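Only one structure is covered here, and it is reproduced in the block below.
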Amino acid sequence: MATVETTAELTGLSLAQRAEIIKLARLCRVDDASLAWLGKLDAPLIRALREQATAAMFDADRKRFHNMATASRLLPIPILVLIIEKVIGPLICARVCGLVPAARAIEIAEKLKLPFLVDACIELDPRSAEALIAGFPKHLIVGIARELAKRGEYVTMGRFIDLIALDAIRPVVDAISDDAKLLHIAFFAESTERLGDIVERIPPQRLSDVVLHAATGSSELWAEALALIFGIDGALQQKLASITGELPEAALNNIVRNTQAIGRWDVLLPIVARMTPALQKRVINLPVIQDNAILADIIRAVFRLADIRPVILLLAHLDPDARAKLDSVARQLGLSLPDPALLAPLIDGR
Amino acid sequence: MSSAAGGSREASLAALRSALDRTPPAGLDVLEPAELARLAALMTTAKQRQKAQVDAALTESLSHVPLLLRGAVRKILDL
């Protein structure tokens, strides 16, 4: 099973790097911790390597399977289903099905037993699976999704959720009642666009439950939630940021501790900057943050940001005592935080 | 970089190119020669393991094919 929770050795890498390394490890059938050294490469480069490796591994056998796909067209579907389940097996089935016309492959898939179909889905060539999975009927998608989630096949699920039809997202979300599993799946989604599609289709109460679950859970689960919130665009990010800012104080305290533990203030601070001014004020003045070690890490993270301006504006909401303490910690680090009043006019749209 | 390290870097890049069946993506120059060699070995092993797994699955499938037809099926599957 691949989740970010199994990867303590990957601590310190960006969330996107972690997800990519876990996916590459899964493709190469090695332990993800053994690839921690690839953290020198940025996430898009690891992804490019994975895509090239996928092509090399799956294309190598394409010709052999093409002959099988051609031969399979001569057999009636009930006999073919029998042969696939009893003789061919899920691995070969997965390789051949992408070479069979999608409509016929879907017809065959509907007749296969669900556990077999799920075994085959795990082995599918992601590139040839596109037309196939997009065409699967909803009941089949929900059945496969439920079984994949039960098996903890989150990398496969991340790929799967990218390919299913838009109107199948909600039934899949409803079928997976475990909020942590939804976060694991979102963590491995291939496209940020699809992440937005998913969040858009999660009912508001479920979305709040998922955020609360992440906020009150382990640091690893919080890392996945951060990746989700950070990965989506515009209004949706603002919506998730607001849900987070409105959490009970105990949950926010846990978020602070977990963000500190995973060293990801550089991700959380821009999210806090997306909250309403009232929520920003609430979050940045939390007593739990007024700790020298936490403040020092926050300051270091601010100076690592590509655009510090939205985050610096948060300072305007700091209570005077908290601001004085922050400035004192900054001085100890040999740094000086800019005055938000000077930056405000430079922020577009503010 | 010493010429020996440069040479081993070239060899690793060639091995990686062979494993991936194409020119690797740009940006791998941040890897040390030993890491590049490790990456090439990872990809080569993964591809070999994948092929062995497929061969094993095909051979297993063949055991269900009547003896008389196996030679022809082997040929079709390039086994």
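Screening the candidates A:Ala261, A:Ala250, A:Ala322, A:Ala278 for the property of being surrounded by fewer than 20 Cβ atoms within 10 Å (Cβ to Cβ), under 23 Å from A:Pro338 (Cα atoms), among the aliphatic types (A, V, I, L, M) and touching a residue at least 12 places away in the same chain (Cβ under 8 Å) yields one hit, A:Ala322. Look at A:Arg47 and say whether it is modelled with pLDDT under 95 and within 12 Å of chain B (Cβ to nearest Cβ). Here the answer is no, as A:Arg47 does not meet what is asked. Scanning the stretch A:147-158 for residues that are crowded, with 16+ Cβ neighbours inside 10 Å and out of contact with any Phe, Trp or Tyr (no Cβ under 6 Å at 6 or more places or on another chain) yields A:Glu147, A:Leu148, A:Ala149, A:Glu153, A:Thr156, A:Met157. Put simply, of A:Ile255, A:Ile232 the only residue that is farther than 19 Å from A:Val199 by Cα and either hydroxyl-bearing (Ser, Thr, Tyr) or buried (at least 18 other Cβ atoms within 10 Å of the Cβ) (or both) is A:Ile255. The residue list B:Leu20, B:Leu42, B:Leu62, B:Leu79 contains one member that is in contact with a helix residue (DSSP H, G or I) (Cβ under 7 Å, 6 or more places away or on another chain), at pLDDT below 95 and surrounded by 15 or more Cβ atoms within 10 Å (Cβ to Cβ), which is B:Leu62.
Conditions (1) basic (Lys, Arg); (2) touching a Pro at 6+ places or on another chain (Cβ under 8 Å); (3) within 20 Å of B:Asp21 (Cβ to Cβ), marked per residue:
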residue: A:Lys40; (1), (2), (3): yes, no, no
residue: A:Pro44; (1), (2), (3): no, no, no
residue: A:Gln52; (1), (2), (3): no, yes, yes
residue: A:Ala56; (1), (2), (3): no, no, yes
residue: A:Asp61; (1), (2), (3): no, no, yes
residue: A:Phe65; (1), (2), (3): no, no, yes
residue: A:Ser72; (1), (2), (3): no, no, no
residue: A:Leu75; (1), (2), (3): no, no, no
residue: A:Leu80; (1), (2), (3): no, no, no
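Based on this model, can you work out whether A:Thr54 counts as within 14 Å of chain B (Cβ to nearest Cβ) and either modelled with pLDDT under 90 or closer than 19 Å to A:Pro126 by Cα (or both)? Yes; evaluated as a whole, the condition is true for this residue.
Of all residues in the stretch A:14-44, those being among the charged types (D, E, K, R) and more than 11 Å from chain B (Cβ to nearest Cβ) number 5.
Of all residues in the stretch B:24-45, those satisfying the criterion of being over 15 Å from A:Leu24 (Cα atoms) and more than 9 Å from chain A (Cβ to nearest Cβ) are B:Asp29, B:Pro33, B:Ala34, B:Leu36, B:Ala37. For A:Asp178, indicate whether it is among the acidic types (Asp, Glu) and surrounded by fewer than 18 Cβ atoms within 10 Å (Cβ to Cβ). Answer is yes for this residue.
Scanning the stretch A:83-112 for residues that are surrounded by fewer than 17 Cβ atoms within 10 Å (Cβ to Cβ) and either away from every other protein chain (no Cβ under 14 Å) or not basic (Lys, Arg) (or both) turns up A:Ile83, A:Glu85, A:Val87, A:Pro101, A:Ala103, A:Arg104, A:Glu107, A:Glu110, A:Lys111.
Taking first residues from the stretch A:292-309 that are under 16 Å from A:Pro338 (Cα atoms) and in contact (Cβ under 8 Å) with a residue 12 or more places away in the chain and partners that are surrounded by 11 or more Cβ atoms within 10 Å (Cβ to Cβ) and of a type in the set (Gly, Ala, Ser), the Cβ contacts under 6 Å between residues at least 6 apart in sequence or on separate chains come to A:Ile299/A:Ala330. Within the stretch A:131-141, none of the residues are more than 14 Å from every other protein chain (Cβ to nearest Cβ), surrounded by 14 or more Cβ atoms within 10 Å (Cβ to Cβ) and under 25 Å from B:Arg74 (Cβ atoms).
The values are calculated or read from the model by the stated rules, or taken from the named source; none is laboratory data. Please read all numbers here as calculations on a predicted model, not as lab measurements. Positions of Cβ are backbone-derived with ideal geometry, glycine not excepted, and every protein chain shown enters the neighbour counts.
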